[in-house]
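Before any comments, here is the structure.
The values are calculated or read from the model by the stated rules, or taken from the named source; none is laboratory data. Given the structure is predicted, the values throughout are model-derived calculations rather than measurements. Cβ atoms come from the backbone with ideal geometry, glycine included; neighbour counts cover every protein chain shown.
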Amino acid sequence: MSAAAEIANIGRRVTKGAEKWSRALPNFNAKTNTKRIVIDESHFKPMGTWSAEKIQQSRVENPHMQTWTPGSARHNLPVITHGEGSYLYDINGKQYLDWTSQAVCTNLGHDVPESVVQAASQQMRQLPFVYGGMGMTEVRTRLNQLMGEILPGDLRAGVFPCTGAEANEIGITMARRFTGKKKVISWYRSYHGGTAHASAATGDSRRWFAADEVPGFVKAFNPFPLFFNHAGENKQEQVESSLRMLEEQILNEGPDNIASIMTESIVGAGGVLIFPDGYMQGVRALCDKYGILMHIDEVMCGFGRTGTMFGFQNYEGVMPDIMTAAKGISSAVIPLSMTACTPEIMEHFENTSIGMGSTYQAHPVALACAYENLKYILDTDLIGHVEKMAPIFEYYMRRLAEDHPCIKQYRAIGIFGCFDVEEIEGTNPRLQHEAATEAFAKYAKSFSDNGLIGLHRFPHLHCAPPLNISEEDLVEGFNRLDRSLDTLDEAMGFTQKR
Ligand SMILES: Cc1ncc(COP(=O)(O)O)c(C=O)c1O
């Protein structure tokens, strides 16, 4: 009997968790299978012409998987057909205000500037792709120059990968190969992406899925631990005590082993944590004292979210050695990210490779979109608009926090804010990975019923609508949220508005 027949006879053994179960080999041979490919005729109908019933039937017959949620969560997703301004519309005509700019990335809402559309189509016609390692393109040179003009200090755009996680992977590899050291320190309350190293640098529980065992990553507490306060009577003393703690940790890890300290400028998914005065300056000083690179992750805050071009510009005198960005770089019309660094780091890699890359690094069509997107942001003074909206945004954040007893506190900067929800006993905040309560499920439903769409990270409620949102739409969004918070108050047992 041939080996294949023998295997077929006993069945394949596939391990699933701790159990063993046998499975027959597939009953067709892909090599000799002569089945003609027959595709549904409706594939040839224009996009937008499938009926709601057709989409529903197809999505039941051809299930897809979700990423951060179980696959079955897809059954609750609305079918979104189009967008306009800060609004999205589903196939039943229901309108939603995009309350978190999707994953804090559709910074210009859902109308793509004509110049971006034109640039993408012109680039596709003229030169859709050249592999970054094989040829230069005009658009790459132009974006590099523009980025050099936008980036603070002497930071230079190094590489243009596709996702925030990839930009961080490259930032981590750069730091390690530049310093010849291995460890990366980052915070428990942080998110840096879903690939191996970016995930290992991440502090929240998403790291547990795949990257907890990746060596070389050390977690520290930033000034926002959940269940205790740093020692000290006031903020300044607490900042000093958290910096002393960090310094002791650096010494225990061995400064000669630490390549970088990695931090978001303002911790985004973790709850819009704005570092108190002196903290980022203190981290910078520790990096300088011990020869450690400072890597600031601007994936969420970059390109205007906080009312400055980059989030770290909110901290007087702080300059990173490595800066990563994504999302707002293209306002999410196409995947693109960036790893920027100092001239010294760039110079170092003149004679040695970074040691990482990908096929689509510096994809010309993506660069063309980003180039026009950035010019549009500058031309329309998007950051000026964010500055103008910020006090109105803050006013409503404060008002809702005052009105709703389930809200313990809020933070806001630019058009970026977050409420922390507390339980009726005053216990909270809880960790994000703890199961969402029934009360929260009611809130999520009412959020949608009230015409909002957004990311939920209970017990944090993020507010991050598109940066070009009008005042009228901003107020409308807060009114819709206000009604949803009434539901949350009630569901959590708070009977009266404050
Ligand atoms: C601060 C930060 N870094 C990195 C990432 C990962 O970006 P991406 O999802 O594009 O890989 C995110 C995503 O939300 C982020 O918020």
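Annotations for the structure displayed:
- Of the residues making up the range 211-269, those that are charged (D, E, K, R), without any contact (Cβ under 8 Å) to a residue 60 or more places away in the chain and either closer than 15 Å to Tyr279 by Cα or away from the ligand (no atom under 16 Å from the Cβ) (or both) are Asp212, Glu213, Glu233, Lys235, Glu237, Glu240, Arg244, Glu247, Glu248.
- Options Ser101, Ser121: the member that is among the hydroxyl-bearing types (Ser, Thr, Tyr) and within 16 Å of the ligand (Cβ to nearest atom): Ser101
- Residue check, Gly302 under 14 Å from the mean Cα position of the chain (by Cα), at pLDDT below 95 and not in a helix (DSSP H, G or I): no
- Filter result for Leu452 (crowded, with 19+ Cβ neighbours inside 10 Å and closer than 19 Å to His110 by Cα): yes
- The range 50-107, residues that are more than 22 Å from the chain's Cα centre (by Cα), of a type in the set (A, V, I, L, M) and surrounded by fewer than 12 Cβ atoms within 10 Å (Cβ to Cβ): Val60
- Residue selected from the range 407-429 under the condition modelled with pLDDT under 95 and part of a loop (DSSP other than H, G, I, E, B), by the criterion nearest to the chain's Cα centre (by Cα): Pro429
- Check on Lys54, of a type in the set (D, E, K, R), modelled with pLDDT under 80 and not assigned by TED's automatic domain parsing to the domain that holds Ala210: no
- Boolean, Ser205 is within 16 Å of the ligand (Cβ to nearest atom), in contact (Cβ under 8 Å) with a residue 60 or more places away in the chain, surrounded by 22 or more Cβ atoms within 10 Å (Cβ to Cβ) and closer than 26 Å to Thr427 by Cβ: no
- Selection count, the range 314-332, where residues are part of a loop (DSSP other than H, G, I, E, B) and within 14 Å of the ligand (Cβ to nearest atom): 5
- Residue that is outside any loop (DSSP other than H, G, I, E, B) and away from the ligand (no atom under 11 Å from the Cβ), where the choices are Asp288, Asp277: Asp288
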